[in-house]
Amino acid sequence: MSEIVNILLAVLYLLVFPGFLFLFFYGLFCEYFDRKLYARMQNRVGPPLFQPFADFVKLLAKEDIIPEKADKGMFSIVPLFAFAGVLTAILYIPIWRTDAVLSFEGDLVVVLFLLTIPSFALFFAGWHSTNLFSQIGAVRTVTQLFGYEIPFFFACLAPALIMGTWSISGILSQTVIRPEVLILLILAFIIAVISLQAKLERVPFDAPEAETEIAGGSLVEYTGRRLAIFRLMFNIKMVICAALITALFLGGPVLFPAVPGPEFIGYLLGFVVFLLKTLFVVFLLTMMRTVFARVRIDQLLKFCYGWLIPLSIVQFLLLILVRSMGWFA
Amino acid sequence: MDLVKWARIKSPWVLHLNTGGCNGCDIEVLAALMPRSDVERFGILLQGSPRHADLIVCQGPITKQMRDRVVRIYEQVPEPKFVMAIGSCACTAGVFQGCYNVLGGIDKAIPVDVYVPGCPPNPAAIVDGVMKLLTKLKES
């Protein structure tokens, strides 16, 4: 009996909350939030609330074209592959309490790996479309990957270094015990947000999908429902990356100080706090999108290797010093 | 009204295509896409690739050399697709009518849904053209 309950619970986690259904609506809402904020910062009205949903439904209903010379198998399976990878990552990120649905020592590395899958999916999508524009976009995606991934990993591993655990839930429960440590991680937080912008391929780091020069990059040949899945995947990736940064640097769903009362109220409040904090991260990303203009791919690499990586090494040295002196213990 | 039709009306993505015009209408189309007229409130987004677009916004008369390319780009856009002819040249070939290298208006090569005359038309007129197309779609 309990086995059946466990299986049902797993299906619920995967498909309803915090899995597919929640991420679908929250991802679309984050796209709306991002576009609306962008519009308001340009002093215009912006899209209505249902806009991302209308885009999604319209793309689902459009004609589905596979180019004649494209690799048909890869072309169709790659969006689903990326989508599945991104959806899996949410199970390891705490949403309503300090524990995630699943956790083990080292799940931080698994989440970082799962969040890298979309970049490679984008590469394969572009490469197997056999379109010149998409192939340039694909190569740029991978070139950019080598720029932002190292500082992003460094920044996300900094909390693991100071908290002494490699599990996201473990880091979060350590944060509850000693929240003052988060002050040390401000530099890592800034590096993580900047390299996240490059990871999501948004302005100013959108050289791989520059629509004015290479007509949309890797996704040039994608139409209809495959494009819809790719767009949804990007939205969900943004949500999950924001959730990861929230869990690592902003204390996740934990409200300081803890509220007294029954457990489920704490969970509900934690969930609201989680939503607010992820929206704050999305706000920072939108801010960067509004303020800066696109940089070239070589400028991005120079910025990553010249500034972000040295700064993250400085952050590491600081944390090693703090740990060896026994401060903040 | 069913969901798909509603979604189509609410999210027309635009491809900007110059078929041989003088660049005057291009600038007006870009002006229409700028924050001042804020077409994103109607869900209009500029797309780089014909594969992502629903609405081809054409400017200029069709030159004989451009004809095959225009037809090819039209065929690359997935169904359902719509075409707008922006400016007098796109509607009738305008002052270039009868030139040795000009075929005529956009409708000589591909079917056109909305004509926006003017040399060049005002950005507000272009947005109004899109709205007329969407109204037509709603009533169909």
- request: Tell me which residues, restricted to the stretch A:176-200, are in contact with a Ser or Thr (Cβ under 9 Å, 6 or more places away or on another chain) and at pLDDT below 85.
  value: A:176, A:181, A:182
task: Check whether at least one residue in the stretch B:103-113 is in contact with a Ser or Thr (Cβ under 6 Å, 6 or more places away or on another chain), under 17 Å from residue B:18 (Cα atoms), touching a residue at least 40 places away in the same chain (Cβ under 8 Å) and open to solvent by 60 Å² or more (accessible area, probe 1.4 Å), and report yes or no.
output: no
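Looking at this structure, is residue A:27 open to solvent by less than 60 Å² (accessible area, probe 1.4 Å), within 14 Å of chain B (Cβ to nearest Cβ) and not polar (S, T, N, Q)? Even if it seems obvious, please write down each step before you answer.
Working: open to solvent by less than 60 Å² (accessible area, probe 1.4 Å): yes; within 14 Å of chain B (Cβ to nearest Cβ): no; not polar (S, T, N, Q): yes.
In short, no.
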query: When the stretch B:25-35 is examined, which residues are found to be surrounded by fewer than 17 Cβ atoms within 10 Å (Cβ to Cβ) and either more than 8 Å from chain A (Cβ to nearest Cβ) or under 17 Å from the mean Cα position of the chain (by Cα) (or both)?
result: B:27, B:30, B:31, B:34
field: Residue check for residue A:56: within 14 Å of another protein chain (Cβ to nearest Cβ), open to solvent by 10 Å² or more (accessible area, probe 1.4 Å) and not in a loop (DSSP other than H, G, I, E, B)
entry: yes
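When the stretch A:222-248 is examined, which residues are found to be among the charged types (D, E, K, R) and either in contact with a strand residue (DSSP E or B) (Cβ under 9 Å, 6 or more places away or on another chain) or within 14 Å of chain B (Cβ to nearest Cβ) (or both)?
A:225, A:226, A:231
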- prompt: Quick one: is residue A:211 in contact with a helix residue (DSSP H, G or I) (Cβ under 9 Å, 6 or more places away or on another chain), within 14 Å of chain B (Cβ to nearest Cβ) and surrounded by 24 or more Cβ atoms within 10 Å (Cβ to Cβ)?
  reply: no
- prompt: What is the one condition in (1) under 14 Å from the mean Cα position of the chain (by Cα); (2) over 24 Å from residue B:22 (Cβ atoms); (3) open to solvent by less than 50 Å² (accessible area, probe 1.4 Å) that residue B:80 does not satisfy?
  reply: (1)
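The values are calculated or read from the model by the stated rules, or taken from the named source; none is laboratory data. Since the structure is predicted, the reported quantities are computational estimates derived from the model, not experimental observations. Using ideal geometry, Cβ is built from the backbone for each residue, glycine included, and neighbour counts are taken over all protein chains shown. Protein only, heavy atoms only, side chains kept; ligands, DNA and RNA dropped before computing areas. Shrake-Rupley method; radii C 1.70, N 1.55, O 1.52, S 1.80 Å.
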